[in-house]
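The values are calculated or read from the model by the stated rules, or taken from the named source; none is laboratory data. Note that the structure is a prediction, hence the values are computed from the model and not measured. As a convention, Cβ positions derive from the backbone with ideal geometry for all residues, glycine included, and neighbour counts pool all protein chains shown.
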Amino acid sequence: METLSTLADGFAIALTWQNLALALLGCFLGTIMGALPGLGPSNGVAILIPLAFTMGLGPTPALILLTSVYYGAMYGGRISSILLNIPGDEPAMMTCLDGYPMAQKGLAGQALAISGIASFVGSFLATWGLVLLAPQLVKIALLFGPAEYFALFALAFMTLGGVSSTNQAKSAFAAALGLALAMIGVDTQTGVPRFTFGEVHLYDGLDFLVAIVGLFALSEVFIFLENRHGGADGDSTKLKVGRLTPPLSMVRETTPTMLRSSFLGFLAGVLPGAGASLGSFISYSMEKRLVDKKGTFGKGDPRGVAAPEAGNNAAAGGALVPMLALGVPGSGTTAVLLAVLLSLNITPGPLLFSQNPDVVWGLIAALFIANFMLLAMNIPMVGLFTRVLMVPPRILMPVVAMVSFVGIYGISGSSFDLLVMIGFGVLGWVLRKFDVPLVPIILGTLLGNTMENNLRRAIAIDNGDWFTLIDSPLAISLWAVAIFGFVLPLIVGRRLKSSMRKKPHEEGSTKD
Amino acid sequence: MSDRIFGLVGALLAIGYAFAAMQIEESFLSDVVGPKAFPLIIATVLGISSLIIALRPDASPVWPPLNRLAEIFAAVVVMILYAELLPEIGFIIATAFAAAYLAWRLGSSVLESVLVGIGTSVGIYAIFHLVLGLSLARGPFGF
């Protein structure tokens, strides 16, 4: 009951004209970004962060804008999956499997509508999940001391690689690289400069926003330059939408699928390192196993459209749980959102719920509102977004690059930061060629200093005894989960990821 | 093969990082752990994972042909020039050129590229500077 009353307070915060307008703007931009191949949720949110800052938004409005973009991108990804058979972003790739066949049968409008409804159900239920689960997680997190936090961060890094990479060594490499980058700058505890090589610009450390925009947005530009598929098809003949109202029987038929997939997707989102791509993947696989008696999946079965869409939208909501309650994001986009919070001087985690309840509950309320806006945008107004798909990457990508530059320059006003961003762009391109996941790098640069501080604090409390790290049952269990999460994918992960890889035809964009 | 080189580079990076960590001056006010310990742990993880990558390489990625690499390199040079020249020649001019270049290299026709360049730069200027009040680089002409 207490939760419900705080939620009501949240609605009071969210229901201002400014916040409603921001949610609407975010939903609109997010849907476009999700729909455009090459712009996914994480780079979409990344290039909009500077915008949020320059508008001088407070924490709650900024978060409302950016999470609306996040939810919107999850909705939008399906549009190009269904119409063009090109996933707009990685989580939407499973939607191609049945969405495109439906479009070929002339049922594009119905596929869009049913997937829109599924997206709504998924994110609506997941937002409720967030409301109910996050406060419980906070209660556990309040028991954490520095040693437990250190273990928790280790857990996040060790499990993050699990699904997002085929090679655990590479995700460990990525995490270490991110942490290594975070160490640059003046040490907060002793005041000595580290890894600055005498460069004054580095004394404050690397701005992680620079790293994020470079790694996610600029590297995408390089990928397009490399393949020069700047002319991806904006063939208008394919974009016939047709009737937008699904028959009632179709809705009835897909309802159980949506409910099951939402649940699974939410779970996948809450688990660290899984994220929306896995959410849509397991939802689809399970539905296929469960209800595909006549073998219609893959040939344009509406349930095959509903399952991954409910799954990935639910996972998007689920991924917010650990980010808000523990300060440990479970996916790329939530890592980017964490960067936003940190830049606004807000530390997510259990204290966020007691110190800034307005931020948390205002955000959650805004998510409910955004969801209804998205439903309205994505079914009756979907035609608007299909037109956006006609913008070819050769025009889109220069705009993306320039917006990235402008945003970073707008924050710091220094050419040096732009050069660092270009460096990260190249690094991101190289690492993507090597199949090194980028999310652990981001997470490393974000959490590196906090992780180190917790380590040092834990050991200082115990007068230099390193065994304090594995002293409490809570810490030991966190370490156990971490090790389990690191080792398990070595056994089963390869198989899962390779079967995920087999299905899409197109190189996916940045992982969410 | 690519992965072996990658792993070796990573290992060298780890060694370099460890060396740089050893160079960190300890303050006399240091806490028990000090500023070196965590970087050294990171260097260890970096080194071990690099060695594993080198010893158990994945299949090589498809590297683009030389002319595509040159394309990326040229784009990087243009971006660096952009970053350096931005405060000198102002936002609108620099951005128009950079965006036009990228559009052209991504396969737009020359006329289209020019339009994309001007459109992007004026559009961003209008939205970010005039509407949102973000301060952009001012050139000699005030924009």
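Quick one: residue A:452 ticks every box in (1) touching a helix residue (DSSP H, G or I) at 6+ places or on another chain (Cβ under 8 Å); (2) more than 23 Å from residue B:4 (Cα to Cα); (3) surrounded by 14 or more Cβ atoms within 10 Å (Cβ to Cβ); (4) at pLDDT below 90 bar one, so which box is it?
Unmet condition: (4).
Does any residue in segment A:221-246 that is away from every other protein chain (no Cβ under 13 Å) come within less than 6 Å, Cβ to Cβ, of a residue that is in a loop (DSSP other than H, G, I, E, B) and at pLDDT 75 or above six or more places away or on a different chain, and which pairs are these?
That search, which allows pairs on different chains as well, returns A:242/A:106.
Just checking, how many residues over segment A:390-405 are at the interface with another protein chain (Cβ under 8 Å from one of its Cβ atoms) and among the small types (Gly, Ala, Ser)? Reasoning before the result, please.
Kept after step one, since they are at the interface with another protein chain (Cβ under 8 Å from one of its Cβ atoms), are these residues of segment A:390-405: A:393-395, A:397-399, A:401-403, A:405.
Applying the additional criterion that residues be among the small types (Gly, Ala, Ser) yields A:401.
Here the count works out to 1.
Can you pull out the residues in segment A:406-425 that are at the interface with chain B (Cβ under 9 Å from one of its Cβ atoms) and within 22 Å of the chain's Cα centre (by Cα)?
Residues satisfying the conditions are A:407, A:421, A:425.
Regarding residue B:60, is this residue assigned by TED's automatic domain parsing to the domain that holds residue B:9 and either outside any helix (DSSP H, G or I) or buried (at least 23 other Cβ atoms within 10 Å of the Cβ) (or both)?
Numbers: assigned by TED's automatic domain parsing to the domain that holds residue B:9: no; either outside any helix (DSSP H, G or I) or buried (at least 23 other Cβ atoms within 10 Å of the Cβ) (or both): yes.
No; evaluated as a whole, the condition is false for this residue.
In the set A:175, A:169, A:147, A:108, which member is hydrophobic (A, V, I, L, M, F, W, C), within 14 Å of chain B (Cβ to nearest Cβ) and touching a Gly at 6+ places or on another chain (Cβ under 6 Å)?
On the way: A:169 fails: touching a Gly at 6+ places or on another chain (Cβ under 6 Å); A:147 fails: touching a Gly at 6+ places or on another chain (Cβ under 6 Å); A:108 fails: within 14 Å of chain B (Cβ to nearest Cβ).
Within the list A:175, A:169, A:147, A:108, the selection yields A:175.
Checking the condition within 15 Å of the chain's Cα centre (by Cα), at pLDDT below 80 and among the aliphatic types (A, V, I, L, M), which residue from A:39, A:51 passes?
Values: A:51 fails: within 15 Å of the chain's Cα centre (by Cα).
Matching residue, one of A:39, A:51: A:39.
Of all residues being at pLDDT below 85 and part of a helix (DSSP H, G or I) in segment A:159-197, which is farthest from the chain's Cα centre (by Cα)? Just the residue, please.
A:168
Among the residues of segment B:56-66, count how many are facing chain A (nearest Cβ under 9 Å) and closer than 26 Å to residue A:180 by Cα.
To start, the set of residues in segment B:56-66 that are facing chain A (nearest Cβ under 9 Å) comprises B:56, B:58, B:61-64.
Narrowing further to those that are closer than 26 Å to residue A:180 by Cα: B:56, B:58, B:61.
Qualifying residue count for the region: 3.
What is the one condition in (1) at pLDDT below 90; (2) facing chain A (nearest Cβ under 7 Å) that residue B:99 does not satisfy?
Residue B:99 satisfies every listed condition except (1).
Among the numbered conditions (1) more than 9 Å from chain A (Cβ to nearest Cβ); (2) buried (at least 16 other Cβ atoms within 10 Å of the Cβ); (3) closer than 30 Å to residue A:486 by Cα; (4) at pLDDT 90 or above, tell me where residue B:40 comes up short.
(2)
With in a helix (DSSP H, G or I), at the interface with another protein chain (Cβ under 9 Å from one of its Cβ atoms), of a type in the set (Asp, Glu) and more than 18 Å from the chain's Cα centre (by Cα) as the only criterion, which of B:88, B:84, B:112, B:71 stands out?
On the way: B:88 fails: at the interface with another protein chain (Cβ under 9 Å from one of its Cβ atoms); B:84 fails: more than 18 Å from the chain's Cα centre (by Cα); B:71 fails: more than 18 Å from the chain's Cα centre (by Cα).
Answer to the selection: B:112.
Scan segment A:191-220 residue by residue and report those that are away from chain B (no Cβ under 13 Å), surrounded by 17 or more Cβ atoms within 10 Å (Cβ to Cβ) and of a type in the set (Phe, Trp, Tyr).
The answer is A:208, A:216.
State all residues of segment B:7-37 that are assigned to a loop (DSSP other than H, G, I, E, B), touching a strand residue (DSSP E or B) at 6+ places or on another chain (Cβ under 9 Å) and within 8 Å of another protein chain (Cβ to nearest Cβ); if no residue qualifies, say none.
B:24, B:25, B:35
Please verify whether residue A:447 is assigned to a helix (DSSP H, G or I) and within 29 Å of residue B:133 (Cβ to Cβ), treating the condition exactly as stated. Explain how you work it out, then say what you get.
On the way: assigned to a helix (DSSP H, G or I): yes; within 29 Å of residue B:133 (Cβ to Cβ): no.
No.
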